[in-house]
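Scroll down for the structure; my scribbles are underneath it.
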Amino acid sequence: QARALYLRGEFKESLRAANDAVAADDRLGPAYELRARLWHVFGDPARQKQDAERTLSLIAEGSLGAEELIAVGGAHLLLSQIAKAQTALDAAVQVSKRSGEALAARARAWRAARDRARAKDVIDEALRTDPKVPLWLYTRARDHYELGEDAKAVSDLAAALRVNKSFPIAYGLIGAALARQGDYARALKAYDRAATLVIYRFQLGADT
């Protein structure tokens, strides 16, 4: 449940589910890695580091499945150990027969290595396995935006919002892309929508 919510871009709800998962079983390495990613989203480096290190302490080296390799690679990535992350995530892609989650994790590693073009190529592959994952669409849109491809970025963000209309960061990035194109009126509407969603969730008590 936590992973599904994360992929929809519902980060606060995902964090609650991840907290429930580790409370129920404090030996779940992949749950700690997912929670470490969420701490990264929320800008909490201390808890991010703690959960990433906990992941690595729980998952023993050896013959690992795709889920464990993705968690190990993700933990290394969150600890800025990019070469180790790439090794684990390359293995995850091979073991999983190129599953979308393994590919999306591999794209994160290329992005951390500052190879935005290769990151976009790999997230393209992930989206071919499932073209309606909001977070992957947002990720590719961010790659398009950084490469100066604003129209493609807006197209991906619109697709993400058709699946999850309550995705604040997607509206925020649409605003940035439209503003860079000089479409300030629509950019302001997108920023307003992002702000409204954040405030609404805070008022509902969905904050961490």
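The values are calculated or read from the model by the stated rules, or taken from the named source; none is laboratory data. Every value quoted in this text rests on a predicted model; they were computed, and no experiment measured them. Neighbour counts run over all protein chains shown; Cβ positions are idealised from the backbone, glycine included. Remember, those area values only see protein heavy atoms, side chains included, never the ligands or the DNA or RNA. Shrake-Rupley method; radii C 1.70, N 1.55, O 1.52, S 1.80 Å.
Tell me whether the range 1-90 comes out rounded, prolate or oblate; compute the Cα gyration tensor, take square roots of the eigenvalues as a ≥ b ≥ c, and use a/c under 1.5 as the rounded threshold. In terms of gyration-tensor shape, prolate.
Calculation over all alpha carbon pairs of the chain in 5 angstrom steps from 0 returns a P(r) of 1, 8, 14, 19, 20, 17, 12, 6, 3, 1, 0, 0 percent.
Computed over the chain, the per-residue total of -39500 (n - 2.57) for DSSP H runs of n ≥ 4 gives a 222 nm mean residue ellipticity of -25000 deg cm²/dmol, rounded to 500.
The Cα atoms of the range 124-204 give a gyration tensor whose axes a ≥ b ≥ c have a/c of 1.5 or more with a/b no greater than b/c, which makes the shape oblate.
If R0 is taken as 22 Å, the Cβ-Cβ distance between S57 and S80 corresponds to a FRET efficiency of 0.80.
Restricting the range 28-87 to GluC sites (Glu not before Pro) that sit in a DSSP loop and have at most 16 other Cβ atoms within 10 Å of their own Cβ leaves E61. If you line up the long axis of helix 100-112 against the longest principal axis of the chain, both from Cα atoms, how many degrees apart are they, to the nearest 10? Approximately 80 degrees, to the nearest 10. If you take the square roots of the eigenvalues of the alpha-carbon gyration tensor of the range 81-125 and sort them as a ≥ b ≥ c, do you get rounded (a/c under 1.5), prolate (a/b over b/c) or oblate? Cα axes put the range 81-125 in the oblate bin.
Hey, which of these cross-link pairs are over 20 Å Cα-Cα: K120/K152; K12/K97; K132/K189; K132/K152; K12/K165; K49/K84? Over 20 Å apart, Cα to Cα: K12/K97; K132/K189. Helix 11-24 against the longest principal axis of the chain: what's the angle in degrees, Cα atoms only, rounded to the nearest 10? Helix 11-24 sits roughly 20 degrees off the main axis of the chain. Surface composition of the range 53-208: carbon and sulfur atoms hold 52% of the protein heavy-atom accessible area at a 1.4 Å probe. For T129 and E149, the difference between the fully extended length at 0.36 nm per residue and the C-alpha to C-alpha distance is 4.9 nm. Rolling a 1.4 Å probe across the protein heavy atoms gives the range 66-208 an accessible surface of 50 Å² per residue.
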